[in-house]
Amino acid sequence: MKGILAALQFLTIMPVRLKGGVSDEEMSSSAAWFPAVGLMIGILLAFAYDALGYVFPVPVVCAFVLTLSEVVTGGLHIDGFIDTMDGIASGADRRRTLEIMHEGRPGALGIAAVVLLFLSKFSLLLSLPKGTAEISLVAMSVISRASFVASAVFYPYARAGSEGLGKIFIGRVKRPAAITAAVTLLAAVIFVFRIKAFILLPAVAAAFIACSLYFKGKLGGVTGDTIGAVGEMLEVIVLAIVVALPAGAQAYADEDIRIVSITPATTEIACALGLEKDLVGISTFCDYPPSVKKKEKIGSFSDPNIEKIIMLKPDVILATGLEQAQAVEKMKKLGLNVISVEPGDFEGLFRSVTEIGKACGKDKEASELVRDMRRSLDSLRMKASRIDGSLRPKVYFEIWNDPIMTAGKGSFIDEMISIAGGTNIADDTGRPFSQFSAELVVERDPDVIILGYMAAGLSAARSIGERAGWGGIKAVKSGRVYDDIDPDTLFRPGPRLIDGVKALNDRFYK
């Protein structure tokens, strides 16, 4: 018990009182418990990361956790890092370098190095794959403290005589203490990273050996300052390894992912990829599949409640441009992971599905969905290609009636009409959506009229036929005016656009 209390007293600011004090021999033996203390610190940091995440955005949480790490240790290790960087960066010989390190006054180079260290930790912690932050904080804390013991066991003391705090440990840690420390290290890291610990630990060991050999070559051994510096650098390396190998690290993360979708189209894409159970928030406009209506609402399409979104702790936010551009930009500045898609055609839709699948860990499902959609479209194109161009129906698609709005070249509607085997009479407008002249509709005399809205109580044919001059249009005379296609299959850029193309084909060739 005295050993672990001594380790706590040395490595943290915890107010531990030991009767009779601690001898140098007892202090060196306490190194056996350094990894255990690191485990305690790591658990504290992980708990803080998780708890603060309910209140603050991720960047703020990362900053708080890194600050807490230094507060808990009283800046012990960072002090050694600064002194070491000041000495090494001076370019002086061994004797003078050790003198600079011993002076303990932070220099400009040491301050610059510690700023870079914190920026590295912050950016890496912010970039960790979903679900790995907590276990990474635990692993880096344990590995860092275990490296103190390894340095003391395997490398000689660089300073002459008995000066320096490191002399208490370096060369004086006995085998039982080293074994206890090693077992604690292995048990803790294997527990949190499981089999991937056997990838992480060798990589960290190689980095530790490289750093320690450098200091041995430069200084003739290690000191308390270099031990602290190596520990700080290993924390960066642990985070870097987890970030660099997200596929391996995410194998240990919970398979669940928290998704907020603020557009109906992205909600439909997410559900088509098998992610409905992972949706924790949707907009009030999201209504398909019908079961998603039970999900938590985060505001409207054009005015999402960003504060509520943050409280839901999403791993991924699915959005689009257009009216949401301002909200998307604000969420990105807060460090939220926003996937913004704005497809303008089917190829753009396929890219959007692929991007969402990749962001949500559904790469395979996204590939299969895109493949199936392509096959359906190819089949419809093939069917339409057998029809002579002169026999293709001329189609007028009305988005709205007051003022008259239609879909032109560059719109999904124009592409869908073409794939379904029709010819859009407005494909020369030069704009995806624009007002259109009523006289021009009469002049171009479409064979089929599609209304993208319900005809307000009247039959579609009657509502159109009552317009001045429209009674003689072929589509009206033949009764081929339709308002019975679900608008969502025509206007939402999601998987159901395939249904919209099929519905158009059915109306064109009844």
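Quick one: which of Lys394/Lys510; Lys308/Lys330; Lys277/Lys330; Lys394/Lys477; Lys277/Lys313 span more than 18 angstrom between C-alpha atoms?
In this structure, Lys277/Lys330 lie more than 18 Å apart at Cα.
Cα-Cα pairs above 20 Å in the range 195-308: how many percent?
Roughly 61 percent, once rounded to a whole number.
Per the 1.4 Å probe, what fraction of the accessible area of the chain, in percent, lies on carbon and sulfur atoms?
About 59 percent, which is the carbon plus sulfur part of the accessible surface.
For the residue pair Ser434 and Ile209, what label-to-label distance in nm results when each label sits 7 Å from Cα along the Cα-to-beta-carbon direction?
Each label point lies 7 Å from its Cα, and together they span 7.0 nm.
For the peptides 291-299, 4-12, what is the packing order when you average, over each peptide's residues, the other Cβ atoms within 10 Å and list the highest mean first?
Taking the mean over residues of other Cβ atoms within 10 Å, the ranking is 4-12, 291-299.
Over the range 362-440, what portion of Cα pair distances is larger than 19 Å, expressed as a whole percent?
Percent of Cα pairs beyond 19 Å in the range 362-440: 48.
Give me the 1.4 Å probe accessible area per residue for the range 399-510, excluding ligands and nucleic acids, in Å².
Result: 44 Å² per residue.
Run the 1.4 Å probe and let me know the accessible area of Asp278, rounded to the nearest 10 Å².
Accessible area, nearest 10 Å²: 10 Å².
Report the extension gain between Lys277 and Asp484 in nm, rounded to one decimal, defined as 0.36 nm multiplied by the number of residues separating them, less their alpha carbon distance.
Value of the extension gain: 71.4 nm.
Give the calculated FRET efficiency between Met14 and Arg95 to the nearest 0.05, with a Förster radius of 30 Å applied to their Cβ-Cβ distance.
Result of the calculation: an efficiency of 0.20.
Scan the chain and note any complete DSSP helix (H) whose C-alpha atoms cover at least 15 Å along its axis and whose Kyte-Doolittle average is 0.0 or more.
Long hydrophobic helices here: 34-52, 58-73, 76-89, 108-127, 133-154, 175-193, 197-219, 224-244, 346-359, 497-508.
Let me check the size of the range 392-510 from its C-alpha atoms; what are the radius of gyration and Dmax in Å?
In Å, with Rg to one decimal and Dmax whole: 12.9, 38.
How much accessible area per residue does the range 129-234 have, in Å², with a 1.4 Å probe?
Accessible area per residue, the range 129-234: 40 Å².
Which of (i) 43; (ii) 19; (iii) 24 is the computed percent of Cα pairs over 41 Å apart for the structure on display?
(i)
Which order do peptides 73-80, 258-265, 465-472 fall in by mean Cβ count within 10 Å, highest first?
258-265, 73-80, 465-472
Translational D (Stokes-Einstein, µm²/s) of the range 48-111 at 4 °C and 1.567 mPa s when Rh comes from the Kirkwood sum over C-alpha pairs?
The diffusion coefficient I find is 96 µm²/s.
Find which of Thr320, Gly348, Val280 sits farthest along the positive direction of the dipole of the range 249-357, computed with +1 on the beta-carbon of Lys and Arg, -1 on that of Asp and Glu, about the Cα centre.
Val280
Excluding same-chain residues fewer than 8 positions from Lys167, which lysines have a Cα within less than 20 Å of its Cα?
Hits, sequence-local ones excluded: Lys216, Lys218.
Under unit Cβ charges (Lys, Arg +1; Asp, Glu -1), what dipole magnitude, rounded to 20 debye, does the chain have relative to its Cα centre?
Using only the charged Cβ atoms, the result is roughly 1200 debye.
Describe numerically, in nm with one decimal, the distance between label points set 7 Å from Cα along Cα→Cβ at Glu466 and at Val55.
Simple spin-label model gives 6.2 nm for this pair.
Along the Cα→Cβ direction, 7 angstrom out, place labels at Asp345 and Lys477. What is the inter-label distance in nm?
3.6
Give the shape of the range 1-149 as rounded, prolate or oblate, defined through the alpha-carbon gyration tensor: a ≥ b ≥ c are the square roots of its eigenvalues, a/c under 1.5 means rounded, and otherwise the shape is prolate if a/b is larger than b/c and oblate if not.
In terms of gyration-tensor shape, oblate.
Pull up the DSSP beta bridges for the chain and report the antiparallel fraction as a percent, rounded to 5.
25
Could you list, in their original order, any pairs among Lys333/Lys364; Lys297/Lys333; Lys121/Lys358; Lys332/Lys409 whose Cα atoms are separated by more than 28 Å?
Distance filter (> 28 Å) returns Lys333/Lys364; Lys332/Lys409.
Just the number, please: Stokes-Einstein D of the range 281-401 in µm²/s, Kirkwood Rh from C-alpha pairs, 4 °C, 1.567 mPa s.
75
Where does each of 92-99, 268-275, 179-186 land if you order them by average Cβ count within 10 Å, highest first?
Descending packing order for the listed peptides: 268-275, 179-186, 92-99.
Quick one: net charge of Leu137's neighbours, Cβ under 14 Å, K/R +1, D/E -1?
Charge balance in the 14 Å sphere: -2.
Using 10 Å bins from zero, what percent of all Cα-Cα pairs in the range 89-154 falls into each bin?
All Cα pairs, binned at 10 Å, distribute as 16, 29, 37, 16, 2 percent.
Given C-alpha coordinates of the range 57-212, what is the ratio Rg to Rh with the Kirkwood estimate of Rh?
Rounded to two decimals, Rg/Rh equals 0.98.
With n ≥ 4 as the cut-off for DSSP H runs, can you work out [θ] at 222 nm for the chain, using -39500 (n - 2.57) per run divided by the number of residues, rounded to the nearest 500?
-17500 deg cm²/dmol
In the chain, if the dipole is taken from +1 on Lys/Arg beta carbons and -1 on Asp/Glu beta carbons about the Cα centre, which of Leu117, Ile310, Ala207 is farthest to the positive end?
Selected residue: Ala207.
Go ahead and collect, in residue order, the members of the range 376-402 whose backbone nitrogen is under 15 Å from a label point 7 Å along the Cα-Cβ direction of Asp506.
none
Suppose the Debye formula is applied to equal point scatterers at every Cα of the range 346-394; what is log10 I(q)/I(0) at q = 0.22 Å⁻¹?
-0.74
log₁₀ I(q)/I(0) of the range 295-350 at q = 0.16, 0.21, 0.23, 0.26 Å⁻¹, via Debye over equal Cα point scatterers, no solvent, to two decimals?
Per q value, in the given order, log10 I(q)/I(0) is -0.49, -0.80, -0.93, -1.11.
Once the Cα atoms of the range 176-250 are picked out, what are the Rg and Dmax in Å?
Expressed in Å, the Cα Rg and Dmax of the range 176-250 come to 13.8, 41.
Please report, largest first and rounded to whole Å, the three semi-axes of the ellipsoid equivalent to the range 418-470, where each semi-axis is the square root of five times an eigenvalue of the C-alpha gyration tensor.
Over the Cα atoms of the range 418-470, the ellipsoid semi-axes are 20, 14, 12 Å.
Net charge near Thr266: determine it from the other residues with C-beta under 12 Å of the C-beta of Thr266, scoring Lys and Arg +1 and Asp and Glu -1.
Net of charged neighbours comes to -2.
The values are calculated or read from the model by the stated rules, or taken from the named source; none is laboratory data. Given the structure is predicted, the values throughout are model-derived calculations rather than measurements. Glycine also receives a Cβ, built like all others from the backbone with ideal geometry; neighbour counts cover every protein chain displayed. Accessible surface is based on the protein model in full, side chains and every heavy atom, while ligands, DNA and RNA are left aside. Shrake-Rupley method; radii C 1.70, N 1.55, O 1.52, S 1.80 Å.
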